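Structure record follows, encoded as structure tokens.
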Amino acid sequence: AGQLRSGQKVLIKGAASGVGSFAVQIAKAFGAEVTGVCSSSKTKMVQEIGADHVLEYQQVKTDLKPQQYDLILDIAAYDSVFNYLPLLKLEGHYVLVGGSIARLFQVMLFGSLISRMSRRRVQCLVQKPSQANLIKLKDLVEAGKIRPFVDRCYSLSEIPTAICAIEQRQVQGKIAIHVS
């Protein structure tokens, strides 16, 4: 969705999440300079998976300069897209992957209008699975460029506890369910 190229600057909000942890690694594999945004308790993990820079959510509003990023990948959209538009370079892309229903509707309803008025592309991630993309991912895994970061393993009987941990944003990366 973001047409990522080597040398571009990428901001990934929600970098410690299951999707975000893969996004950081994939962006690095494509040669991007990655800034990961996460809560303070998860900064070490985001550094370990390869982010060049790590910011806590509160720092985004105070520490970032305007027109700095080619791509903002918003895995955890709980703030308005308008808070992040100034951080994008002209012709940059803001891609919403997940978050609150209000943010999803904001981007779905106003994304094309915002794109025309701001010279920055705003969209939700809509991606059909394709064999070509799956082969690219397989190649990155085999080359050791991406790997799952498994926070915890749960038994089948602990699935409600696992779901609760995800909902409360206590998980870093992925969880695994042990089937015996």
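Listed here are the pairs Lys28/Lys136; Lys65/Lys136; Lys89/Lys136; Lys61/Lys128; Lys44/Lys65; Lys89/Lys174; which of them are more than 25 Å apart at the Cα?
Result: Lys65/Lys136; Lys89/Lys136; Lys61/Lys128; Lys89/Lys174 exceed 25 Å.
Count the net charge of all other residues whose Cβ sits under 13 Å from the Cβ of Ser130, scoring Lys and Arg as +1 and Asp and Glu as -1.
+3
So which chymotrypsin sites (Phe, Trp or Tyr not before Pro) in region 105-160 are both in a DSSP loop and have at most 15 other Cβ atoms within 10 Å of their Cβ?
none
Using a Förster distance of 30 Å, how high is the FRET efficiency between Ser112 and Asn133, based on the Cβ-Cβ distance and rounded to 0.05?
0.75
Roughly what angle does helix 18-29 make with the longest principal axis of the chain, taking Cα atoms, 0 to 90 degrees, to the nearest 10?
Helix 18-29 sits at roughly 60 degrees to that axis.
Within 10 Å of each candidate Cβ there may be at most 13 other Cβ atoms; applying that plus a DSSP loop requirement, which trypsin sites (Lys or Arg not before Pro) in region 63-140 survive?
Arg119
At a Förster distance of 22 Å, what's the computed FRET efficiency of Ala165 paired with Tyr78, Cβ-Cβ distance as r, to 0.05?
Once the sixth-power term is evaluated, E becomes 0.75.
How charged is the neighbourhood of Ile166? Take every other residue with its Cβ under 13 Å from the Cβ of Ile166, and add Lys/Arg as +1 and Asp/Glu as -1.
0
With springs only between Cα atoms under 10 Å apart, run a GNM on the chain and tell me which of Leu88, Leu104, Leu137 wobbles the most.
Between Leu88, Leu104, Leu137, it is Leu137 that shows the largest mean-square fluctuation.
Roughly how many Å is it from the Cα centre of region 85-116 to that of region 134-169, as a whole number?
Rounded to whole Å, the Cα centres lie 27 Å apart.
Using alpha-carbon pairs under 8 Å, 6+ residues apart, how would you state the relative contact order of the chain in percent?
RCO, the chain: 20 percent.
Over region 9-124, what lengths in whole Å, largest first, do the semi-axes of the equivalent ellipsoid take, defined as the square roots of 5 times the eigenvalues of the alpha-carbon gyration tensor?
That gives 22, 15, 13 Å for the three semi-axes.
Each reported figure results from applying straightforward, stated rules to the coordinates on display, with no laboratory input. Bear in mind that the values here come from a model prediction, so they are computed numbers and not experimental data. All Cβ positions, even for glycine, are placed from backbone atoms using ideal geometry, and neighbour counts span all protein chains on display.
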